[in-house]
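Notes for the one structure printed next.
Please treat every number below as a calculation from the coordinates, not as lab data. Just so we're clear, the structure is a prediction, and the values are computed from it rather than from any experiment. Cβ placement follows ideal geometry from the backbone for every residue including glycine, while neighbour counts extend to all protein chains displayed.
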């Protein structure tokens, strides 16, 4: 395993709303796909009724859709991470606006 130093991302405060909106769009698209996958992602049953299709049916549903470390849950974790990033951007934007408002108020009193 390689250790990398922490990275710092510098973002112009003016770019925060557009970045947050991009995350919102991505979350909307991903959410729609995850809902569809949740509804149709499980195999209904063994398609041929033979032992091989039975085994495949069980393996697929267990590993792909139900396993906590499987692909479907990885997509759910990805969605959660996008939500965390979007929410952090919103917090940063609110902090910036509050700080700028305080600065304007402070400078306005001195003039």
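Restrict the check to the stretch 55-76 and report whether at least one residue is at negative phi, in a helix (DSSP H, G or I) and exposed (fewer than 11 other Cβ atoms within 10 Å of the Cβ).
no
Any chance the stretch 84-94 includes a residue that's part of a helix (DSSP H, G or I) and more than 18 Å from the chain's Cα centre (by Cα)?
yes
Select from the stretch 1-49 the residues that are out of contact with any helix residue (DSSP H, G or I) (no Cβ under 6 Å at 6 or more places or on another chain), free of Cβ contacts under 8 Å to residues at least 12 places away in the same chain, outside any helix (DSSP H, G or I) and surrounded by 10 or more Cβ atoms within 10 Å (Cβ to Cβ) and list them in ascending order.
Result: 48, single match.
Hey, can you tell me all the residues within the stretch 65-83 that are free of Cβ contacts under 8 Å to residues at least 12 places away in the same chain and within 16 Å of the chain's Cα centre (by Cα)?
The answer is 71, 73, 74, 77, 80, 81.
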